[in-house]
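Undergrad: So that we are looking at the same thing, I have put the structure below in C-alpha cells.
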C-alpha cells in the first residue's frame, strides 16, 4: 500500500524549493556586491537542475528496481521545474536575453516550462472529467470500439430498412451520423469540457424523429444508444489524446534544450572562464 | 482480439454499445501491451485491428488469420478458440488460409512517436549548432552558435577583421584545443590591454599601489567590472555605485547618505599663494567709498568665471589688483651696494685713474697745475720768479665720504661682518676697484658663485656696466656718485653712496630675481655647511624679505613657503624656501573631479560662489602667513562638507553616483592608432 | 513453426522416485486398502493417484514436517514412526527456521531492461517446461530442504504437544482449505510419511466415503481448539472449561466450496444481494448459539426497503449473535435476532450453544454493543462502498489493485512497469469494475480464499509458503484454463506462448499451447510490486480489503 504524505509533508518540497530560490537569489545579490559573477553558480545550478529534471525520464523506465515512487519523482520534477524558471531568471538577469543563440535557448526553455505547466494543469483537470462520464475505455481500444459501434449502427440501419421498408432513417444516417461514426469528432469541444457532441447527436436525433413511424422508432432509440456510447468515446479520446500528446512538445524540446545547454556551457567556459 | 472482423454476427439490435467499456475483460481478450512500439495499422483508419498484431520489427503480422495444419493429407483450419474456432470454409487446397487481408502499415504508438521526436529534436539541436558554427575571423553571420549578443558600438566595428579572436584567444584554436580551453581558465584582460593603457599597473585597483599595503587589493581583470556583449547601446564603461562599494571599507548606499566626510579644511589644502584676506577686502576695503569705482562688484570681478573648471582662477594682478595696488610697488627700492665708511683708503689711485680717468677735481687740479705749470713755464721763460706752488698737504688725510654701514649683500658676498670696519674695508674697496675696472662682472661673478649664473644674470639685468663703472669710480675717488638724472621710471640707478634699484612695477623681474637669489643663497650656504656664511646669508635674506622695506614688500602678498614644512626629517630653520609668485599649477587629482562651470551656471555666475564658499568672518586669516609653513593655515572660508553638496546631489534630485565625481582608472589612454593619416609615411 | 508436446497432468509426478513397488506396498496399508479402487474413474485410477500425486518421505528425529503459518498444498499420512504436534505456545520463528523468499539483486533486476524479450509471451521451447524456471515464482516446498529442531526434548518439555502415531492423517486442513498450517508438526522418531498433494487428496475425498468422513472429523477436531483459543471470548478459559466448550461446539458449513461457479451465474443475472445468498441465520430467528466464522465470509445485513442493507461482513474469528444471546441471558425473553447472517461464497461456522456461553463466557464479559445501532449514525452513502465491495466479492482480496480514477491520467506506466518485470509481458489489464472514482483493475487480488486453485490438475497455481501470494508455476502449467475460468474477477488470462523468434509454439496437432498468467506481486523482483512504484500520480495502490474492514475505513 502506498502512503500519501500528510498536508504538512506535501509542503516540504515546495518549501525546500523556496529556500533554494531565496538562497540563490541572495547569493546573486551578494555577488554583485563583491564584484563576483553570480552567473557561474546560477548557471551550474540551472544546468544541474535541468539534468535532474531529465532524470525523471530515466526513472520512469526503472520501476522494476526500488528507486523511490514515481509519484515522488514527479513531485520533485514539478517543483524543480518551477524552481528552474526562477533560477533561469536569476541566471539570465532578464526575461529575454541578448544574443540569438541565448535567445534560442531561452525560447526553448520557456516552451518547455510552459508546456510542462500546461501538461500539469491538463493532468489535474482531465481525469475527473473522464471518471464523470461514468465509463472507462483504454485509449488503444478506441479504434476498435468505434469500428464496432459503426458496424452496429450500420446493421441497425440496414435492419430498419429491411424490416420496415422505409429508407428515411438510412438516408438521414448517410447524411449525418455516418460522418459521426467515422472517427472521433468534436475534439476541440471535448478538449475544453463542453458537450457539443451530445448536443449535436440530440439535435440530429430530434430532427429526424418526426419523420419516423412507430415501427422505426425502436431503431432510432437503438441508434441513440450507440450515439451516446460514441459521445463518451469522443470525450475519452480527446482527453486521453491530449494527456498523451502534450509530451510530444515537452520531451523533445527538453532534449534539444539539454543539447543547446551543453554547448552553451562549453562556449561560455571556453570564452569567458 | 475478439472476433476478427469477418462476419457481423452479434451486431445489430442486440448489440450492447457499452461492451467495449471497462468491466471484466472477456477472457478471450489479450493483455494491452503499451510497451510494444507498433499497433495494427487499421487503427489509423478507425477500423478494428487484426487480432495478430504487428511483428516486433514493425511489419504487418495479420495477413492471414490462421496457419493451416496438414494432417492426414488434409489441411485443417487452426483458428484459435478465441477467434471463433476453426472456420467453416477451411483452408485452400494449397494450404493457405482462406481468410486473408492485405497487409497494413503498422502504427507507432504515441510513446514511440515521442521517443523518435526526442531523438530527432536532439539531433536537430546538434545540427543547428554545427551548421551555424563559425570560427572564421569575420563572425558577422546573422546567426552563429557562438553568438553571445552584439558587442557595444565602440568595440563592434574594429573587431570585424579579427572577429571573436580579437578578444578571445580560444576562438583561434583548433577543435581539440578549443574543447580543452573550456576547462582551463582564460582571461580577456590581456587582449583588452593590447589597446587600453593606464598610467599605472593595469591590474591594480585604481591603477596604483597605495602606501597602505592593505588597501592594495587583489589583482583585478578588466572583466571583473566591464562586461561586453550587452548590445550595441550598452554603456560598458559605466559602473554602478555597488561596484565601487565592493572594495571601499566605508560602504554607503548613495552620496547623500553615508559618503565619508570631506577633509577638515576641504577644499583648501594649504594657505593661499597670495595673501589676500577675502574677509577684510570684501567687508572693509571694498566698502570704502574712496575705491568704490575700483572695487569689484562680485566674485566674478576678480575670478575668471568664464574659464571656470576645477578651480575658478583669479584674473591676475593686472586685472584684479592693479586698480588699487598698482602703484604700490614703485616705492619699494632695493639697495644693491652701499658705500660704507672706510677707515683707510686702500684703493690705488693710479688704478682708479687708469680705470676711471681723472675725476673732475683731479681734472681741475690738473688744470690748475697745468695753469700753474704754464704760469711757471711762462715765468721761467720770462725769467721771473715762479710762484711757489701750494702743497696740498691736506691730501694725505683720508676721510671717507660715507658714514653708512655696508649692506648685507656685500657682507654676504664678500664674507665680512657688517660691523667690523676693519674686516670689510679691504674686500669692499677691492671690489669697488674691480667694479671700476670691469663693471658688473666682479659682482656678477660673486653672485654667480653664491648660487649660479642664472641668478646673477637675472639679478643684474638692466644694470649697465657704465653705471657701475661711474659709481665705482666715484666711490673709488671717495666721492659720492652724482646721478645724471632722476630715476622716475624705475630701474638701476646710483645715488650718492648707493646703487639702488627701483622696481618698474608689479612683477618686476629684477626684484623677483633678488628675492629668489636671497633664498637660493641661503640654501646654498646651508648646503656647504659654513656657519658664518650661512649666518650672513640668512641675514641678507631676511633683510631682503623684510616686508616693510625694499623689495621684501613683495612678500607682503606673495607667500614664502618652506618646502620642507611637512618633512619632519628636514632640518628646521626654514632654509628651503620658495615664493609663491603665481597661482600654483592645478594639482594632479586623478581620481576626483570637480567642475565649477556647471555649478556657476546653475547657481549664478556672480554670487553663486557664496552658496558653497561661505565666509568665515572670524577666521584669523593673517595668522596663516605668520610663518613659512603653508600647511598650517586658516582659510577665509568655512570648509565645505558633503552636506552642502547633498543639498542638490541627493536622492530624487541631481545625479549622485560615484562616477559623477570620481574616476577609477588612472589616466586611461590608448595604445593603438585608429586612423591612418595621409601625411604619415 | 515450432511444435512441442502438449503438457499433461501427470507429466510431473509429485514424487519422481515412486515406483510400482511402492504403490503396491502402499496398497497393502490398511488406510489405503480400505479404499474401493473401483470408485475411481479411468482417467484417474487409484494407483495412478498413488503413483503421481503422492510420495514417500523419510523423516529423522527433530525434522519439522509442517510449520504453523506456512501455506501448504499437501497432507501427510504417517506410515511409520511417531510425530508430535505443538499445541501451545507457538514455537518461535528462529526455531522454525523461516527462510526469506529469494529475490533477485538490483543489477539483475536492471538487466531486465535489455534482456527482456521483445516478442510477446516468449518462452524457450522444449516442451515449454523445465528450462529457465528458477526465476519464475516459487515452487512448492522441496522435499529435500527440511528444517529440523535442535533440541527435541526441550521442546517436549517446554511446549504442550500431542502425539501422532502410525495411521494418523494431518495437514489436510491447510491443503484442502487453502489456509495456513494451523500447527507445527515435527518428527519424534525415525519415520516414513506418505505425502499426498491436495489434488490427490481431493480425489480421495471425492470418491471414498471413509476418507471423506475422516478428513472432516480431523478437520473438526484438530482445528477447533486452536480457533477457539484465538477468540477473545474464549482465550481466558482454563483447559477444562475450554474442553467443555470444544466438546459442545457444532460445526457447520454453508455455501459451496467452489462458490465461484454459482456466483458467476448469479452475477450474470444481477442477483448479488443478500437475499440470494445462503442464509445462516435469519431476522426473527431465535438465537440458540453463538455463530463464529472459522473460514470464509459472511454478511450481516438488515432488511431495508426492497433489499437488505449490509451492516458489516465477518471473516475468520468474527462472531454473530452475541448481543441477542446476552440479552436473553439477562432476562429479555422475547429477544430474537434483529440482523441476518448470510454466506458470501463459502463459510465454515462454529456454533457454540447458549448454555455453554452462559456458564463459561457471559459472567466474564461486559455487555456487548448492538450491531444494528451502528446503522443509526451512518447514511446510505456511507456504506455504498461496502455494499459494492461485497457484491463484487472483493472482500476476498488481500492485494486488490485499486486505481483512483480522479488521479489516473491513463498513461499506462503501471502496465509498462509490470511488463518490464515480466519479460516484456504485462500481467494485468487496466480496466475493471468501478465505484465512484475507484476502479478495481483486473489484476490478481491474491484472495484469502483463492478459488482459482481448486481445479488445477497439476498444482501449477499454488500459494507460496511464505507471504501467501498465489502464483502460477509457468513450467508446470498445462494451459487447461480452469483457473482462468474459475476466477470470479477475470484476473487470470490465458496466453499463447511463442518462441523467441515470435512463432507460436504448437503441439503435435498444431494447436497453440497456452499458459495461464496473472499478477504475482513481482515475486523475485527487489522491492515488491512495480506497478505501485511506477504510478506518477499516486493513483494506484494494492488494497487489502480483507484485513481492513471497509465499514470503518474506506480508502480516501
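Undergrad: Please indicate, with yes or no, whether at least one residue in the range B:119-131 is more than 30 Å from residue B:77 (Cβ to Cβ), in a loop (DSSP other than H, G, I, E, B) and either at pLDDT below 80 or at the interface with chain A (Cβ under 8 Å from one of its Cβ atoms) (or both).
TA: Within the range B:119-131 (the criterion being more than 30 Å from residue B:77 (Cβ to Cβ), in a loop (DSSP other than H, G, I, E, B) and either at pLDDT below 80 or at the interface with chain A (Cβ under 8 Å from one of its Cβ atoms) (or both)), the answer is no, since none of the residues qualifies.
Undergrad: How about the range A:67-107: which of its residues are outside any helix (DSSP H, G or I) and either more than 10 Å from every other protein chain (Cβ to nearest Cβ) or over 13 Å from residue B:148 (Cβ atoms) (or both)?
TA: A:67, A:68, A:69, A:93, A:94, A:95, A:96
Undergrad: Let me ask another. From C:13, C:7, C:45, which residue is more than 21 Å from residue C:169 (Cα to Cα), at pLDDT 80 or above and surrounded by 14 or more Cβ atoms within 10 Å (Cβ to Cβ)?
TA: Matching residue, one of C:13, C:7, C:45: C:45.
Undergrad: How many residues does the range B:297-322 contain that are in a loop (DSSP other than H, G, I, E, B) and within 24 Å of the chain's Cα centre (by Cα)?
TA: Qualifying residue count, the range B:297-322: 7.
Undergrad: On to the next question. Read through the list (1) surrounded by fewer than 23 Cβ atoms within 10 Å (Cβ to Cβ); (2) under 20 Å from the mean Cα position of the chain (by Cα); (3) not in a helix (DSSP H, G or I), then give the number of the only condition that residue A:134 fails.
TA: (2)
Undergrad: How about the range B:61-107: which of its residues are in contact with a helix residue (DSSP H, G or I) (Cβ under 7 Å, 6 or more places away or on another chain) and surrounded by fewer than 16 Cβ atoms within 10 Å (Cβ to Cβ)?
TA: Within the range B:61-107, B:105 is the sole residue that qualifies.
Here is a yes/no grid of residues against (1) within 24 Å of residue B:647 (Cβ to Cβ); (2) within 14 Å of another protein chain (Cβ to nearest Cβ):
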{"residue": "B:230", "(1), (2)": "no, yes"}
{"residue": "B:242", "(1), (2)": "no, yes"}
{"residue": "B:251", "(1), (2)": "yes, yes"}
{"residue": "B:260", "(1), (2)": "yes, no"}
{"residue": "B:269", "(1), (2)": "yes, no"}
{"residue": "B:274", "(1), (2)": "no, no"}
{"residue": "B:277", "(1), (2)": "no, no"}
{"residue": "B:282", "(1), (2)": "yes, no"}
{"residue": "B:291", "(1), (2)": "no, no"}
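Undergrad: Here are some conditions: (1) buried (at least 18 other Cβ atoms within 10 Å of the Cβ); (2) modelled with pLDDT of 85 or more; (3) not assigned by TED's automatic domain parsing to the domain that holds residue B:102. Residue B:11 meets all but one. Which one does it not meet?
TA: Going through (1) buried (at least 18 other Cβ atoms within 10 Å of the Cβ); (2) modelled with pLDDT of 85 or more; (3) not assigned by TED's automatic domain parsing to the domain that holds residue B:102 one by one, residue B:11 breaks only (2).
Undergrad: So for the range C:240-251 (the condition being surrounded by fewer than 15 Cβ atoms within 10 Å (Cβ to Cβ) and within 27 Å of residue C:48 (Cβ to Cβ)), does at least one residue qualify?
TA: Taking every residue of the range C:240-251 in turn, none turns out to be surrounded by fewer than 15 Cβ atoms within 10 Å (Cβ to Cβ) and within 27 Å of residue C:48 (Cβ to Cβ).
Undergrad: Assess whether residue A:154 counts as being under 20 Å from the mean Cα position of the chain (by Cα), surrounded by fewer than 23 Cβ atoms within 10 Å (Cβ to Cβ), within 9 Å of chain B (Cβ to nearest Cβ) and free of Cβ contacts under 8 Å to residues at least 60 places away in the same chain.
TA: Details: under 20 Å from the mean Cα position of the chain (by Cα): no; surrounded by fewer than 23 Cβ atoms within 10 Å (Cβ to Cβ): yes; within 9 Å of chain B (Cβ to nearest Cβ): yes; free of Cβ contacts under 8 Å to residues at least 60 places away in the same chain: yes.
It is false that residue A:154 is under 20 Å from the mean Cα position of the chain (by Cα), surrounded by fewer than 23 Cβ atoms within 10 Å (Cβ to Cβ), within 9 Å of chain B (Cβ to nearest Cβ) and free of Cβ contacts under 8 Å to residues at least 60 places away in the same chain.
Undergrad: Using the structure shown, decide if residue B:629 is buried (at least 17 other Cβ atoms within 10 Å of the Cβ) and part of a loop (DSSP other than H, G, I, E, B).
TA: Yes: the conditions hold for residue B:629.
Undergrad: Let me ask another. Within the range B:46-66, does at least one residue satisfy the condition of being more than 9 Å from every other protein chain (Cβ to nearest Cβ), in contact with a strand residue (DSSP E or B) (Cβ under 7 Å, 6 or more places away or on another chain), part of a loop (DSSP other than H, G, I, E, B) and at pLDDT 85 or above?
TA: Looking through the range B:46-66, at least one residue is more than 9 Å from every other protein chain (Cβ to nearest Cβ), in contact with a strand residue (DSSP E or B) (Cβ under 7 Å, 6 or more places away or on another chain), part of a loop (DSSP other than H, G, I, E, B) and at pLDDT 85 or above.
Undergrad: Still on this structure, please answer the following. Scan the strands (runs of 3 or more DSSP E) fully inside the range C:465-556 and keep the ones with 1 or more residues being modelled with pLDDT of 90 or more and over 24 Å from residue A:63 (Cβ atoms). Give the derivation first.
TA: Details: elements: C:470-472, C:493-496, C:514-517, C:540-543.
Strands (runs of 3 or more DSSP E) meeting the threshold: C:493-496, C:514-517.
Undergrad: Determine whether residue B:197 is more than 14 Å from chain A (Cβ to nearest Cβ), modelled with pLDDT of 85 or more and in contact with a strand residue (DSSP E or B) (Cβ under 9 Å, 6 or more places away or on another chain). Outline the logic, then answer.
TA: Numbers: more than 14 Å from chain A (Cβ to nearest Cβ): yes; modelled with pLDDT of 85 or more: yes; in contact with a strand residue (DSSP E or B) (Cβ under 9 Å, 6 or more places away or on another chain): yes.
Spelling it out, residue B:197 is indeed more than 14 Å from chain A (Cβ to nearest Cβ), modelled with pLDDT of 85 or more and in contact with a strand residue (DSSP E or B) (Cβ under 9 Å, 6 or more places away or on another chain).
Undergrad: Moving to a separate point now. Would you check which residues across the range C:423-440 are under 14 Å from residue C:530 (Cβ atoms) and touching a residue at least 40 places away in the same chain (Cβ under 8 Å) and list them?
TA: C:423, C:424, C:425, C:427, C:428
Undergrad: Let me ask you something else. What helices (runs of 4 or more DSSP H) lie completely within the range A:162-273 and have 3 or more residues being surrounded by fewer than 18 Cβ atoms within 10 Å (Cβ to Cβ) and over 25 Å from the mean Cα position of the chain (by Cα)?
TA: Qualifying helices (runs of 4 or more DSSP H): A:168-172, A:196-209, A:217-245, A:247-272.
Undergrad: Right, another one. With the checklist (1) closer than 30 Å to residue B:623 by Cα; (2) touching a residue at least 24 places away in the same chain (Cβ under 8 Å); (3) surrounded by 13 or more Cβ atoms within 10 Å (Cβ to Cβ) in hand, flag the one item residue B:236 doesn't pass.
TA: The number of the failed condition is (1).
Undergrad: Kindly provide the set of residues from the range B:100-115 that are touching a strand residue (DSSP E or B) at 6+ places or on another chain (Cβ under 7 Å) and more than 8 Å from every other protein chain (Cβ to nearest Cβ), ordered by number.
TA: B:100, B:106, B:107, B:108
Undergrad: Going by the conditions given, is residue B:161 surrounded by fewer than 16 Cβ atoms within 10 Å (Cβ to Cβ), closer than 22 Å to residue A:260 by Cα and either within 36 Å of the chain's Cα centre (by Cα) or more than 12 Å from chain A (Cβ to nearest Cβ) (or both)?
TA: No; evaluated as a whole, the condition is false for this residue.
The values are calculated or read from the model by the stated rules, or taken from the named source; none is laboratory data. Just so it is clear, the structure is predicted and the values come from calculations on it, not from any experiment. Neighbour counts run over all protein chains shown; Cβ positions are idealised from the backbone, glycine included.
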